[in-house]
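Asks: Got a structure here, written out as structure tokens. Questions coming.
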Amino acid sequence: MGPIDELWEILTLVSVVAVGGLAMLVALVRGRGGATRQAPRPPQRPSDRDRDGDGRTAGADEDVADRGGGVAVDLEPEPITPTLERPESARGRLQRLRARLARSNSAMGNALLALLSRGGLSETDWEDVEDTLLASDLGVEATEELVSSLRTQVKVDGTTDPEQVRSWLHEDLLRLVDPSMDRRIAASRTGGHPAVILVVGVNGTGKTTSVGKLGRVLVAEDKDIVFGAADTFRAAAADQLQTWGQRVGVPTVRSDQEGADPASVAYDAVTAAVELEADVVIIDTAGRLHTKRGLMDELGKIKRVVEKVAPVGEVLLVLDATTGQNGMRQAEEFAKEVAITGIVLTKMDGTAKGGIVVNVQRKLGVPVKLIGLGEGPDDLAPFDPEAFVSAIIG
Ligand SMILES: Nc1nc2c(ncn2[C@@H]2O[C@H](COP(=O)(O)OP(=O)(O)O)[C@@H](O)[C@H]2O)c(=O)[nH]1
Ligand SMILES: [Mg+2]
């Protein structure tokens, strides 16, 4: 065999290996594509999308957002792992969590029932009924309505039979909680856009946790989700959200720079969701004191900037149910800044102040859509008036 033949043989071998390798690669890529919807497709890295090479996402308006000195969006592809968690379906969650709701709130229900069943109620007894309701954060207005209705029924009927009183209470409370309100979360694509959900509230109320839990509720409904970590104050906040996402295969759009412009990150998250043809993008924001003007203005900016890409269909205000009057003040201040479409009441597992549901709905004219009933990943339930009232008064 001459040197030419030898060279020829080597070349053939190399090309066989190369073609084989290429075929394997194609098969791999195909196989990956075919595996699909176990996890959403990983978003492209910004460098892929940045065809102009100007450091900006293609299509981004110059004036859309201050890019905060070259904000990079870290879109680490989520690993497609067989160990993704399967979140519990939202249906029936409140039933499972009912005991937690009842544990503290039924104290109020029981106190009321005991008072009302006593018979021959004096003025002082009625004052006690009123105090019990006020202590549950029902609010002055609703408390007066309820007491007046109960007084009339007791007077007209003349009975204080516990079962009868229980049924009156149930009916009156249910009316106050208002079953006619639309409590569905807007989480379907509309007009060719993903649904955009913006989550706002004071620090520590449970925003990030609720974004993570809501993501799971929607994953259980087979929705494709993207998280946007627009709390850019601390890197830990984005890490926290990303961890929630990774457990269920939801990609998180975040900035790698602390203090980056939150509107810009929110914009990138919505853009990524559009490119991925996701169903929903949920944007977590930094906790802000409702008394801090600049930060409250920023919320309006986030919404405006996002709406250059897709309409914000849902602005969820997260309130800590244990904070009472302070929570109510927060609600009012936030409602002045952005049009709230729904309330998430967290920490309902540790409070006897369930009356805040009625109070906050009346103040804002907006329904409580979700309630947090614990720190577990699936401890967030769609709010159901009937189950709620039943849990309180049995
Ligand atoms: N018991 C209970 N704790 C909750 C609930 N929701 C959130 N938390 C806790 O509240 C704390 C603050 O939550 P986080 O989501 O970080 O608040 P953020 O600052 O508003 O983002 C965390 O320790 C959560 O586990 C809930 O429904 N019940
Ligand atoms: Mg947070």
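Asks: Would you mind checking Lys223/Lys353; Lys213/Lys363; Lys223/Lys308; Lys223/Lys363; Lys308/Lys336 for any pair whose Cα atoms are more than 28 angstrom apart?
Replies: Values: Lys223/Lys353 33 Å; Lys213/Lys363 26 Å; Lys223/Lys308 23 Å; Lys223/Lys363 32 Å; Lys308/Lys336 22 Å.
The pairs that break the limit, which is 28 Å between Cα atoms, are Lys223/Lys353; Lys223/Lys363.
Asks: Sticking with this structure for a sec: Round to the nearest 0.05 the FRET efficiency obtained for Ala135 and Thr243 when R0 = 25 Å and r is the Cβ-Cβ distance. Mind showing how you got there, number by number?
Replies: Details: r = 38 Å, r/R0 = 1.51.
E between Ala135 and Thr243, to the nearest 0.05, is 0.10.
Asks: Hey, quick one: spin label on Ser89, modelled 7 Å out along Cα-Cβ, who in the range 209-235 has an amide N within reach, i.e. under 20 Å?
Replies: The answer is 213-225, whose backbone nitrogens lie closer than 20 Å to the label point.
Asks: Considering only protein heavy atoms, what per residue accessible area in square angstrom results for the range 95-394 with a 1.4 angstrom probe?
Replies: Working: 11220 Å² over 300 residues.
I get 37 Å² per residue for the range 95-394.
Asks: While we're looking at this one, here's another question. Based on Cα coordinates alone, diagonalise the gyration tensor for the range 230-367, multiply each eigenvalue by 5, take square roots, and list the semi-axes in whole Å, largest first. Walk me through the numbers before you get to the answer.
Replies: Details: eigenvalues 141, 58, 47 Å².
Result for the range 230-367: semi-axes of 27, 17, 15 Å.
Asks: Here's another thing I want to ask about it. Of all beta bridges DSSP finds with both residues in the range 95-394, what is the antiparallel percent, to the nearest 5? Mind dumping the intermediate values first?
Replies: Working: 4 of 31 bridges.
In the range 95-394, approximately 15 percent of DSSP beta bridges are antiparallel ones.
Asks: Net charge around Val140, counting only other residues with Cβ within less than 13 Å of its Cβ (Lys, Arg = +1; Asp, Glu = -1)? Intermediate results must be reported in sequence, preceding the final value.
Replies: Numbers: positive: Arg362, Lys363; negative: Glu130, Asp131, Asp137, Glu141, Glu144, Glu145.
Within the 13 Å Cβ shell, the charges total -4.
Asks: Assuming R0 = 25 Å, what is the FRET efficiency of Ser180 and Val156, from their Cβ-Cβ distance, to the nearest 0.05? Intermediate values should be presented prior to the final figure.
Replies: Values: r = 26 Å, r/R0 = 1.03.
After rounding, the FRET efficiency stands at 0.45.
Asks: What is the local net charge at Phe383, summed over the other residues whose Cβ is closer than 12 Å to its Cβ (Lys, Arg +1; Asp, Glu -1)?
Replies: Working: positive: Arg93, Arg183, Arg184, Lys369; negative: Asp178, Asp182, Asp384, Glu386.
Charge balance in the 12 Å sphere: 0.
Asks: In addition: Based on the mean of other Cβ atoms within 10 Å per residue, sort peptides 141-152, 333-344, 266-277 so the most packed one is first. Write out the running numbers ahead of the final one.
Replies: Working: 141-152: 16.7, 333-344: 19.3, 266-277: 24.7.
Descending mean neighbour count gives 266-277, 333-344, 141-152.
Asks: Related question: Could you give each residue of the range 318-333 its phi-based ³J(HN,Hα) in whole Hz, using Karplus coefficients 6.51, -1.76, 1.60 with θ = phi - 60°, and x for Gly or Pro?
Replies: 8, 10, 7, 4, 7, 8, x, 4, 4, x, 5, 5, 4, 4, 5, 5
Asks: Note down the net charge around Val202, summing +1 for each Lys or Arg and -1 for each Asp or Glu among other residues with Cβ under 12 Å from its Cβ. It would help to have the intermediate numbers written out before the result.
Replies: Details: positive: Lys207, Arg288, Lys292, Arg329; negative: Asp320, Glu333.
Computed value for this residue: +2.
The values are calculated or read from the model by the stated rules, or taken from the named source; none is laboratory data. Note that this is a predicted model, so its numbers are computed, not measured. Positions of Cβ are generated from backbone atoms using ideal geometry, with glycine treated the same way; all protein chains shown enter the neighbour counts. These accessible areas exclude ligands, DNA and RNA; they are computed on the full protein's heavy atoms, side chains included. Shrake-Rupley method; radii C 1.70, N 1.55, O 1.52, S 1.80 Å.
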